Amino acid sequence: MELKRDSKGRFIKGQPSLRKEIKLSKEIKEKIKQTNIKKGIAPKNRFDKLTKDIKKKISKTVKLQYKNGRKLSLSCWKKGQRASPKTEFTSERMKSKNNPNWQGGITPINLQIKQSNNYKSWRKAIFERDNYTCVWCNQRGGKLNVDHIKPYNIIIKNNNIKTLKQAIKCKELWNINNGRTLCLNCHKKTDTYGEKAKYYFDLNLIGKKILITGASCGIGLAIKKCLENEGAKCISWSRSENYNLDCSALPIIPKIDILINNVGGRGTWNNWEAIDNINYKTMAMLTNNFLRNKRKWGRVITISSIYGKEKGPNPAFTASKAAQIAYMKSLAGKYKGITFNTICPGHINVDKPFPYKPKIVGKPKDVANIVTFLCSDLASHINGACITVDGGESHSF
Ligand SMILES: [Zn+2]
């Protein structure tokens, strides 16, 4: 049925309403008859008319409803019935052992840990470190959670924790680097929220110190975000921020575990020297400094280009990118525990115009994913590799 409207589109008065009347079933109608309560406002003295037994059984709110004469719901009071289904559920016959979900009265270990003082202080330390702001969306205050980067239940399982004493001794559980402040919405979006934690891949990057050059935008920024997501501590180092090759970077190098040579530039035909400086020389100098300090474990990853493997539009650029690959390959296998790998991206969309229109374009995240994997322990046998990330664009083998 459609309602009629006037010329201005307004409803014409006096038409039947579209709302459907609530139809009561026969049973409810009979119940109402039995209880002798009419729909609407109950009389004020109704409470006094109840028998003593019923007065004891009904809850405080129901009592007030009776005393003040408020509107009664359709499910009416019946002699001998409990006040509401809620009171029935929490009553004695569903408590403790009588409850079908009874598990022996012992608090599970993951709850025991969460109730402990160690957990509370660990949580507080992370909130204070992040200044009570969500790491992803910068929301300050409100409902904030502490998210475990390596899932909490997996730590308990891997370390075989069964008592609270074992939990307190476990160092991994109280590592502040394993936590981050997230708001409720961002927490739900993580890869390890709730049931999704089952598919967690342990990259073992929590607390690792990483130096990335050219991480203020584009591929560098994507790599930085991706690694920080895995709990690594990244030091960004770019021309737009604080780039000063001779002074500021070198004191940091002894403290880092992973070096990512990402900075680079295409330049023009004429300034081959500048192209060589930014692409090859910077990488060689940082890598040499990185190797000067003895390490048991380390990763060096250089972001080259597909034009380091085949001919490209600019000879100087191709030459310097090829030098990067050659440098990494030559170092591979010479240092125990340290791997040297190169990534050769194709055309990546970094919000800068291309000199010509490429056929296939990738995202910065595509490069960041493989870099994150190469940084991890899972890639410890990949050394001296040159991996193309170009969607099938290049021609070389
Ligand atoms: Zn957030």
Can you list residues from other chains, or at least 5 along the same chain, whose modelled amide H is less than 5 Å from the amide H of LYS209?
LYS233, ASP257, ILE258
Where the centroid of each part is defined by its Cα atoms, how far is region 190-225 from region 293-313 in Å?
19 Å
Find the eigenvalues of the gyration tensor of the Cα atoms of region 109-199, then list the square roots of 5 times those eigenvalues as equivalent ellipsoid semi-axes, largest first, in whole angstrom.
23, 16, 10
Stretchable slack from LYS171 to LYS52, in nm (0.36 nm times residue separation minus alpha-carbon distance)
36.8 nm
Can you bin region 293-397 into rounded, prolate or oblate? Criterion: square roots of the alpha carbon gyration tensor eigenvalues sorted a ≥ b ≥ c, rounded for a/c under 1.5, prolate for a/b above b/c, oblate for the rest.
prolate
Using R₀ = 30 Å, calculate the FRET efficiency as 1/(1 + (r/R₀)^6) where r is the Cβ-Cβ separation of LYS296 and PHE201; round to 0.05.
0.80
Hey, with R₀ at 22 Å, roughly what FRET efficiency would THR163 and GLN103 work out to, going by the Cβ-Cβ distance, to 0.05?
0.85
Looking at region 263-366, which trypsin sites (Lys or Arg not before Pro) are DSSP coil and have at most 12 other C-beta atoms within 10 Å of their C-beta?
LYS294, LYS296, LYS311, LYS334, LYS336, LYS359
If the label point sits 7 Å along Cα→Cβ of ALA274, residues of region 190-232 with amide N under 19 Å come out as 214
Eigenvalues of the alpha-carbon gyration tensor of region 238-365, times 5 and square-rooted, give semi-axes in Å, largest first, of 26, 17, 14
Simple label model, 7 Å out from Cα along Cβ direction - VAL361 to TYR335, nm
3.7 nm
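Coordinate-derived values only; no laboratory data. Note that the structure is a prediction, hence the values are computed from the model and not measured. With ideal geometry, Cβ positions are generated from the backbone for all residues, glycine too; neighbour counts draw on all protein chains shown.
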